[in-house]
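*Asks:* Questions regarding the structure given below will be posed in turn.
What follows is calculated from the coordinates using simple rules that are stated; it is not laboratory data. Computed from a prediction, not measured in an experiment: that's the story for all the values here. Counting neighbours? That spans all protein chains shown, and the Cβs are built from the backbone with ideal geometry, glycine included.
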There are 2 protein chains.
Amino acid sequence: MSGKRRGGSGEVRGLMGREVQPVAHPRDELRPDHFHVVAVPVREPGPGEVLVRNTWTSVDPGLRVRLRATGPDGYFAAFPLRAAMDGIMTVGVVVASRADGFAPGDTVWHAAGWRDYAVVRANEPALGGLGTLTRLDTALAPAEWYLGPLGGMGLTAYAGLLAAAELRGGDVVWVSAAAGAVGSLAAQLAKLRGHRVIGSAGSAAKVAYLRDELGLDAAFDHRAAPVAASLRAAAPDGIDVYFDNVGGAHLEAALGALRRGGRVALCGAVSEYERASGAPGPRNLFQAIAQGLTLRGFRGSAHMDRMAEMQREVAGLIRDGRLRHRESIVEGLEQAPQALARVLAGATIGKTLVRIA
Amino acid sequence: MSGKRRGGSGEVRGLMGREVQPVAHPRDELRPDHFHVVAVPVREPGPGEVLVRNTWTSVDPGLRVRLRATGPDGYFAAFPLRAAMDGIMTVGVVVASRADGFAPGDTVWHAAGWRDYAVVRANEPALGGLGTLTRLDTALAPAEWYLGPLGGMGLTAYAGLLAAAELRGGDVVWVSAAAGAVGSLAAQLAKLRGHRVIGSAGSAAKVAYLRDELGLDAAFDHRAAPVAASLRAAAPDGIDVYFDNVGGAHLEAALGALRRGGRVALCGAVSEYERASGAPGPRNLFQAIAQGLTLRGFRGSAHMDRMAEMQREVAGLIRDGRLRHRESIVEGLEQAPQALARVLAGATIGKTLVRIA
C-alpha cells in the first residue's frame, strides 16, 4: 500500500476495495441476496481526511431498521440502495493521512463500515452522532473490542442502565436478549452493581450461558413458554427495571411485572425489525399510569460524553476477569449480510464481528 | 340532623342515606342501569371518625377503569358490586365528629363519594393515596372547586406537566382532551408559562372553547380528521411534550410528532376505557428509541406533597382572571351514573360534578 499513495485522478493508483451495498429492501426476513459486494476504486484522502484499511466491522441488529425505503424519524438514516453503507462502526488501520493527529499505522475507529477501505474526515461526527474518527489504544485492549464492550455496545449497556433506566440500589432488573452484544453487558453491569438480574434469551444454550458463564440470578428461554409466565416464575415479586432489546410480547410482559415507579430502558425491538408493517405496541400500556412507570427510549450514540468513563470501568472489569464477553466472528467482508441474517434470527451469542482482513 | 345524633344500635336514629352502587360491570359502553341507588341506614361515627353530609361528588373518566372484575395492577382498586364506591373525591359538611380537629359545620373533602352521607376516619389516607379527610378553606374558593382546579384535577395537571413531563422552557406542548377537567388546566398552566400550546378535543364547540376562551395557540377536533394530520398542521415543526388523556391513535400521533428528547405524560387513556379487551398500544413505539423519548405514567394522587403549592398558584390565577375553569353540574346523586356515561362519551366540558344537596 505504502508505495502507491497517489493516483493521478484522485484515486489511489490501482487500488480497488470491496463494498457491501444493499440492492433491495427486505420485506420481512433479510437474506444475503438483498446485498451485493462490489469492487470500487479507492480514492485518495483530501485535506483533513485519512485513508483507512478496515480490519473489523460491526454487525448490529439495529441495521435492519435502516434497510427500508425510509427509516423511523430521527433514527440513523436509511441506507440508500446501491451505495456503501454509512454509519456502521468499524475498526481499521490508517494507511494515508492528510489530517493532523493521524499517521499511517494508527489503529482507529470510524463509522464507514462494511467496506475494505474508507476515506474518513477527521474531527467530524458521523451520522447520528456515531464515532468521529478516533485513535484507539491497542495497549488497553485488542482493536475489535472497541466494536464491542469498549465501544457502542458497552456504551449502550452503560447508558441504558444508568441514564435511561436510572438504576437505583435494590432494583430487580430484567434484561432481554441477554446473550446478545448489549444485553450480556447490561446484565453483567447490573449484576456487578449488586442487583438481582434476570436474563432471557432464545435458546437453551443461551440460557445456559446466562446462568453458568454470566452468573445471572435467573434466566429463561423465551421460546420455551409464554414470556409473562416465565418472567413471573423468575421474579415472583415483580421487577423494577426492564432493559428492553426485544419489544413486542417481552415489553408487554415487563409492563405487567414492573412495580410502582419501575423503569424501562427502550434500547431495541428486535422482535419487530423483520415485520413488514408496524407491530402494535403493548396492550397494557395503562400499567404505566397505574404504577407510575417510566419508559425511556435511547441510543448509546446520544451518550458519547460517557464513553471514556465506560471504557475505563469496563476495561478494568474485563482485565480483572469480572466481566465476560463473547464474540461471534465471521471471516470475510462478503459474509457480513449472512452474519446480519444470523444475528436477526437469534443464532449468535455476544457481539458479532466481521474480520475483513 | 342535629337532634338525632345517636341511635341506640350505632345508627344515627332514623337517618337514611342513598348510595350509588354498581350492580354489573359494563362490557363496553357504560349505562346508568349498571348502577342502582339504594337507601341505607347511616351509622354514627366511632372514635376518630366524623360523619359528613356530602354536598358535591366527583365524576371522573378514570372511574370507568375500576368498573371491572379486576382493575389494572397497582391502580385504584376495582369497585365491588353492590357496595358503596370507595375512592371518589367528594366534598361535604361535617355533621358529627368524634375526631380531633373536626367540628360540625366544617367543610371537608374525603374519598367516600357517590353517597349522601359518609363516615370517614380522620388522619388516614384513603385508597390509593387519595385525600385524607381535610378541612377546606371556603374563604379561598367555593367548596366544589376543591373537586376541580384546587383538588385532584389541578394536581394532576400540575404534576403531569412539571413532574411527569418535566416541562422546560421553549417546549411546544400538545394536550389532548383539552376541554376536559384535567386537560383544560394543563393546557392553561403550560400557556401561562409561556409555551406554545396545542389542544385537541372531540367537537367543534370544544375547539371553539379552546381557542376563544382558553386562548390556546392552536386547537383541533380529533373527530374531524385523522389526529396525526391535524397535529401536523397545528405543529408543523413537531412537539416536545404530549400530555396524554386519550391514548390510542392520539398517542401514536404524538410519537410521530415528538422531537428529540420529547416527553409524554401518560395521564389517561379515555379512548380505551370502554373497550371490552386491551387495546393494542402504538405501532410506532420505536420512535421512542429513535428520538430518545420518555413516556412517564403518573397519577395526581402520587403527588399529594405538591397539593399546597398547586392550590396557591391555581387559586391566585383564578382570582386574577388568568385561568378559567368550567363545570358541568348535574343535580342529584341519582344522576351520577348518567353523568359518568356523558363524560366517557365526550359530551361534557370541564369538570363534571354532582350536586348532592
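*Asks:* How much net charge surrounds A:ARG306 when only other residues with a Cβ under 12 Å from its Cβ are counted (Lys, Arg +1; Asp, Glu -1)?
*Replies:* -2
*Asks:* Compute the long axis of helix B:307-319 from its Cα atoms, compare it with the longest principal axis of the Cα atoms of chain B, and write down the angle in degrees, 0 to 90, nearest 10.
*Replies:* That helix lies at roughly 80 degrees to the long axis.
*Asks:* So how tilted is helix A:248-257 from the main axis of chain A? Cα-based, degrees 0 to 90, rounded to 10.
*Replies:* Once rounded, the angle reads 40 degrees.
*Asks:* Just counting partner chain Cβ atoms within 10 Å, what average do the residues of peptide B:269-278 show around their Cβ?
*Replies:* The per-residue average across the peptide is 2.
*Asks:* Once the label point is set 7 Å along the Cα-to-beta-carbon vector, what list of distances in nm do you get between B:ALA103 and its counterparts in the other copies?
*Replies:* Distances between equivalent label points, in nm: 9.0.
*Asks:* Please report the equivalent ellipsoid semi-axes of the protein assembly as shown, computed as sqrt(5 x eigenvalue) of the Cα gyration tensor, largest first, in whole Å.
*Replies:* Sorted largest first and rounded, they come to 58, 26, 21 Å.
*Asks:* From largest to smallest, what semi-axes in whole angstrom does chain A give when each is the square root of 5 times an eigenvalue of its alpha carbon gyration tensor?
*Replies:* Listed largest to smallest, the semi-axes of chain A are 37, 22, 17 Å.
*Asks:* While we're looking at this one, here's another question. What average number of partner chain Cβ atoms lie no more than 10 Å from the Cβ of the residues making up A:245-253?
*Replies:* Counting Cβ atoms of other protein chains within 10 Å of each residue's Cβ and averaging gives 1.
*Asks:* Can I ask one more? Given H placed 1.01 Å from N in the peptide plane, which residues other than close sequence neighbours of B:ARG98 have an amide H under 5 Å from its amide H?
*Replies:* Under 5 Å from the amide H of B:ARG98: B:GLY48, B:GLU49, B:VAL50, B:LEU51.
*Asks:* Given Cβ point charges of +1 (Lys, Arg) and -1 (Asp, Glu) and nothing else, what value in debye, to the nearest 20, does the dipole of chain A about its Cα centre take?
*Replies:* Here chain A has a charge dipole of around 60 debye.
*Asks:* B:LYS351: which aspartates and glutamates have alpha carbons under 13 Å from its alpha carbon, excluding same-chain residues fewer than 8 sequence positions away?
*Replies:* Excluding near neighbours in sequence, the set is B:ASP60, B:GLU144, B:GLU327.
*Asks:* On average, how many beta carbons from a partner chain sit within 10 Å of the beta carbon of a residue in A:61-72? If you can, show how the numbers build up before the last one.
*Replies:* Working: counts 0, 1, 0, 0, 3, 0, 0, 0, 0, 0, 2, 9.
Average neighbour count from other chains, rounded to a whole number: 1.
*Asks:* Here's a follow-up. Relative to the longest principal axis of chain A, what angle (0 to 90°, nearest 10) does the C-alpha long axis of helix A:181-192 take?
*Replies:* On a 0 to 90 degree scale, this one is about 50.
*Asks:* Still on this structure, I have one more. Antiparallel versus total DSSP beta bridges in the protein assembly as shown: what percent is that, nearest 5?
*Replies:* 55 percent
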